[in-house]
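Here is the structure we will look at, set down as structure tokens.
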Amino acid sequence: MAGLTIAGLMAVTALSIVILHYFGVLGDPAFLRFLPTRADPAARTQSSGGAEGTSSPRSDLGTKAAVPNVTGMTQEQASSALRSAGFNVGTVTTKEGSGSAKGVVLTQAISGEAERGATIDLVVSAGRRIYTVVPGQMTWPDAEAYCEQHGGTLATVTSQEEWDQVLAAMRADGREVYWIGGRREIDGGNFTWVDGRTFSFTAWATGEPNYQTNKVGPENYLAVYKVNGQYGWYDDPYDLDPFYKASVMAFVMQTVE
Ligand SMILES: [Ca+2]
């Protein structure tokens with residue numbers, strides 16, 4: 001029995017030394033160096049993180065980033081800049097009347113900082129509308145075709161500001177009858193603009209539109225007349241050649257830049 005007890009004590013002691021070594025309680029007796037010691041994650045992070053100084057833990061890096069200011073850029077430049085910085089381009093809407101060139105970014109939905117990968121909506125300029133008087137007698141469809149061949153359309157007008165621009169172009173020209181870009185797509189129907197903008201602003205002359213039909217046909221097209229120095233809108237048939245001399249006629253073309 002005594003022999004077994006001594007052997008048992010020796011075994012328990014040896015096991016205790018190994019366990020205490022494992023948890024780092026004992027020093028490092030040479031004969032135990034081959035045994036593994038408990039891993040210490042905190043110590044390891046500290047030792048390897050020392051070179052990086054006091055920066056945030058790596059898991060927090062990259063979740064937020066500075067959003068580039070893309071206002072004033074073209075839409076293409078802005079998309080490229082945002083994607084390079086790790087963001088997505090969201091909905092792009094156009095805005096009239098900014099005075100900026102076509103496609104230039106006016107506002108961005110997010111600036112400053114945002115989550116990486118965030119989607120950023122943009123508002124871009126619909127462009128500057130340039131109104132040009134083209135002299136001469138043409139039917140309304142021929143005038144519209146001429147404008148389209150020259151990169152534009154007949155003039156469309158959706159605000160007092162645009163109407164003032166058209167008035168300025170007509171006053172400088174000095175003629176009396178001008179086609180602009182409104183027409184009834186369905187005979188007798190509502191007027192619409194050739195470029196699809198909303199037909200809401202109007203400058204009808206008194207008693208117009210009255211949708212008469214004469215020897216040329218029904219009044220499905222939009223003309224501007226200068227009467228006693230006042231400019232007003234009239235619905236008219238597609239061809240005014242039988243009624244006016246070519247010298248008083250012109251049309252107003254618009255281009256968007
Ligand atoms: Ca009329």
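For segment 164-235 and segment 91-139, what is the centre-to-centre distance using only Cα atoms, to the nearest Å?
27
Expressed in nm², what is the orientationally averaged projection area of the convex hull enclosing the Cα positions of segment 134-257?
7.3
Rounded to two decimals, what is the ratio between the C-alpha radius of gyration of segment 65-201 and 2.2 N^0.38 Å?
With N residues counted in segment 65-201, Rg over 2.2 N^0.38 Å equals 1.38.
Using only the Cα atoms, work out Rg/Rh for segment 184-239, with Rh taken as the Kirkwood radius, to two decimals.
0.96
So, R0 is 41 Å and r is the distance between the beta-carbons of ILE110 and ALA246; what FRET efficiency does that work out to, to 0.05?
So the FRET efficiency works out to roughly 0.15.
Using r as the Cβ-Cβ distance of ASP195 and VAL227, and R0 as 25 Å, what FRET efficiency do you calculate, to the nearest 0.05?
0.40
Computed from the coordinates by the stated procedures, all read-outs in this text should not be read as laboratory data. Quick caveat: nothing in here was measured; it's all calculated off a predicted structure. Neighbour counts are summed over all protein chains in view; Cβ atoms, including those assigned to glycine, are modelled from backbone coordinates with ideal geometry.
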